[in-house]
Amino acid sequence: MSDEKQISPLNYILYSLTAAWKLVQINPRAMEYFDLSSDGFWKSFWAVALIIPVFVLNLVYVSDTETPQPIVSSLIYLVTALPVTAVVMYYFTRFLNISDHYSSMIIAYNWLSALTFNIVVIVTLLVITIFPASEMAGIVIMIIRFYFGGYVAWFMYTKSLRISGWLAIGVLIFEVIFNYTYQIMLMRYIDADAFRAFLEQFNNPPA
């Protein structure tokens, strides 16, 4: 991105999301579209603000369900996940000796996370609304989540960290496990009722 200091915050966000969309398109030159400066690193955490509106939309959708929802822990997770992940990945990439492009990876990770979260949640709500209680809906949602959370994220790691595909798989697995564990731990200690409902559903899956 050129002349990033002369554009408005709104245009900066739009440019950054456009760069993230290049990753979704599996564009091998996607990283060239990001602001990879030190200022761009800190600005990438603006992505947190882009997640909240869709989270509220999803919250409204599930508000009429009888099952307890982890509302407070989910909100805390959404607000803290990007900075906490940045700290954890700093030490993890140093441990693997692949931290030379750590800053670029975090920039891409943050903007891509905001973009894919919005896409996945909105598409999921649309599919559930149009095809309620449908097995096909579940399959479509699973495919969408695998593409964005798996394949696109893997591609982002290969390009941002400039590592091999095999090593990127390991980085992706670590990041997914960490974030899943972090989310579950928040639920365990903040939304105890929702955590118990989660365990009950996990231990007694539908036949």
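The values are calculated or read from the model by the stated rules, or taken from the named source; none is laboratory data. Because the structure is predicted, anything quoted here is derived from the model rather than measured. Note: ideal-geometry Cβ built from the backbone for every residue, glycine included; neighbour counts use all protein chains shown. These area figures cover heavy atoms from the full protein model, side chains too; ligands, DNA and RNA do not enter into them. Shrake-Rupley method; radii C 1.70, N 1.55, O 1.52, S 1.80 Å.
From the list 106, 26, 51, 13, exactly one residue is on the phi > 0 side of the Ramachandran plot and touching a helix residue (DSSP H, G or I) at 6+ places or on another chain (Cβ under 7 Å). Which is it? Of 106, 26, 51, 13, the one residue that is on the phi > 0 side of the Ramachandran plot and touching a helix residue (DSSP H, G or I) at 6+ places or on another chain (Cβ under 7 Å) is 26.
Checked against the criterion of being closer than 23 Å to residue 70 by Cβ and not β-branched (Val, Ile, Thr), the candidates 131, 178, 174 yield just one match: 178. Which of the residues that make up segment 57-78 are within 15 Å of residue 114 (Cβ to Cβ) and either aromatic (Phe, Trp, Tyr) or open to solvent by less than 70 Å² (accessible area, probe 1.4 Å) (or both)? Residues satisfying the conditions are 58, 77, 78. All of 143, 130, 106, 119 fail the test of being under 20 Å from residue 22 (Cα atoms), exposed (fewer than 14 other Cβ atoms within 10 Å of the Cβ), out of contact with any strand residue (DSSP E or B) (no Cβ under 7 Å at 6 or more places or on another chain) and among the hydrophobic types (A, V, I, L, M, F, W, C), apart from 143. Taking first residues from segment 102-120 that are within 9 Å of residue 44 (Cα to Cα) and partners that are β-branched (Val, Ile, Thr) and open to solvent by 30 Å² or more (accessible area, probe 1.4 Å), the Cβ contacts under 9 Å between residues at least 6 apart in sequence or on separate chains come to 111/13. Criterion applied to 30, 47 was being touching a residue at least 60 places away in the same chain (Cβ under 8 Å), out of contact with any Ser or Thr (no Cβ under 8 Å at 6 or more places or on another chain) and surrounded by 11 or more Cβ atoms within 10 Å (Cβ to Cβ), and the one residue passing it is 30.
Residue-level check: of (1) open to solvent by less than 80 Å² (accessible area, probe 1.4 Å); (2) of a type outside the set (Asp, Glu); (3) more than 17 Å from residue 122 (Cα to Cα); (4) not in a loop (DSSP other than H, G, I, E, B), residue 36 misses just (4). Restrict the check to segment 185-196 and report whether at least one residue is open to solvent by 90 Å² or more (accessible area, probe 1.4 Å), over 20 Å from residue 85 (Cα atoms) and not charged (D, E, K, R). So far as segment 185-196 goes, no, none of its residues is open to solvent by 90 Å² or more (accessible area, probe 1.4 Å), over 20 Å from residue 85 (Cα atoms) and not charged (D, E, K, R).
Selection over segment 79-103 of residues that are open to solvent by less than 10 Å² (accessible area, probe 1.4 Å) and touching an Asp or Glu at 6+ places or on another chain (Cβ under 9 Å) gives a count of 3.
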